[in-house]
Amino acid sequence: MMNKKVDDLKINIFADGANKSEMIRLYNQDLIKGLTTNPTLMKQANVKNYKEFAVSILKYVKNKPISFEVFADDFMDMEKQAIEISSWQENVYVKIPVMNTKKKTSYDLIKSLTDQNIKVNVTAVMTCEQVKSIENVLNPEVPSYVSIFAGRIADTGVDPTKTITESLKILRNKTLSEIIWASPRELLNIFQAEAVGCHAITVTTSLLNKLSLVGYDLDQYSLETVKMFYDDAEKSGYSI
Ligand code: E4P
């Protein structure tokens, strides 16, 4: 579709966002294998009615996984929301934060939900210890995702590829559970995630727009960069 390096990717690319028309447009691309969103992205996109937003997207998004996140903080309310969200359509995964705002872990809830056959996407995960606890409670017969926030891990100066590699090992016997490299920061992360055998990566539109640069001639790119500096200096009328 775009170029061989992109076409050859084995990793599943999920589009992350909350702009409805953009999500539907991306859903229709072969390259995009699923969709994700979260309450922060929804707020940024000015979504006012959660259910109306989700249900209106689900009219178009039928055949690829899509994740919507619970927003309650109490585990009983989270469970109710998860049951409701999951009832909206077969391809829905319910994002469950790995802990609530009181730092209470969600493992019991994850067990209860997956035992009820609800597909979860455990979100905001950042440590291998968390992945071990999640692995312990996931029902092996129910598909699930574990979203490791690699970009946020990297923001702390820690190499997330180690966390992802170790997490893939921890989850290897749960054949229906997949690791998502979440919170990417640059296009290179797609190739880093691919190299360690990660199942999927969530990618925002701004990163997806950079896919056209994959394999681009670096001498040519160098020239274009120099021209940009030259043009901008000229437009500004600089003289020394
Ligand atoms: C993934 O599912 C999340 O929506 C997303 O990747 C969060 O990334 P951030 O760290 O940029 O908020």
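The values are calculated or read from the model by the stated rules, or taken from the named source; none is laboratory data. As the structure is a prediction and not an experimental result, all values here were calculated from the model. Here Cβ is always computed from backbone atoms with ideal geometry, including for glycine, and neighbour counts include all displayed protein chains. Accessible surface areas use protein heavy atoms only, side chains included; no ligands, DNA or RNA. Shrake-Rupley method; radii C 1.70, N 1.55, O 1.52, S 1.80 Å.
A few notes on this one:
- Those residues of the range 124-151 which are open to solvent by less than 10 Å² (accessible area, probe 1.4 Å) and either more than 16 Å from the ligand (Cβ to nearest atom) or part of a loop (DSSP other than H, G, I, E, B) (or both), in sequence order: 138, 142
- Cross-chain or 6+ apart pairs with Cβ under 6 Å, the range 165-184 first and part of a loop (DSSP other than H, G, I, E, B) and of a type outside the set (A, V, I, L, M, F, W, C), then within 16 Å of the ligand (Cβ to nearest atom) and open to solvent by 20 Å² or more (accessible area, probe 1.4 Å): 183/149; 183/152
- Any hit, the range 100-114, residues being at pLDDT 95 or above, within 18 Å of the chain's Cα centre (by Cα) and either under 22 Å from residue 180 (Cα atoms) or of a type in the set (Ser, Thr, Tyr) (or both): no
- Qualifying residues in the range 40-57 (those that are open to solvent by less than 50 Å² (accessible area, probe 1.4 Å) and over 14 Å from residue 202 (Cβ atoms)) - the one farthest from the ligand (Cβ to nearest atom): 56
- Only residues that are surrounded by 14 or more Cβ atoms within 10 Å (Cβ to Cβ) and farther than 17 Å from residue 145 by Cβ were counted across the range 61-71, and they come to 1.
- Among the residues of the range 76-90, the one identified as crowded, with 19+ Cβ neighbours inside 10 Å and closer than 11 Å to residue 55 by Cβ is 85.
- For the range 1-18, a tally of residues being more than 12 Å from the ligand (Cβ to nearest atom) and either without any contact (Cβ under 8 Å) to a residue 40 or more places away in the chain or among the basic types (Lys, Arg) (or both) returns 6.
- From the options 193, 154, residue that is within 16 Å of the ligand (Cβ to nearest atom), in contact with a Pro (Cβ under 7 Å, 6 or more places away or on another chain), within 24 Å of residue 17 (Cα to Cα) and in a helix (DSSP H, G or I): 154
- Tally of residues being within 21 Å of residue 104 (Cβ to Cβ), in contact with a helix residue (DSSP H, G or I) (Cβ under 8 Å, 6 or more places away or on another chain) and in contact (Cβ under 8 Å) with a residue 24 or more places away in the chain across the range 57-82: 7
- Here the range 196-240 is the region considered, the condition is being in a helix (DSSP H, G or I) and open to solvent by less than 60 Å² (accessible area, probe 1.4 Å), and the residue that is farthest from residue 122 (Cα to Cα) is 233.
- Among the residues of the range 164-186, those identified as in contact with a strand residue (DSSP E or B) (Cβ under 9 Å, 6 or more places away or on another chain) and within 14 Å of the ligand (Cβ to nearest atom) are 164, 178, 179, 180, 181, 182, 183, 184.
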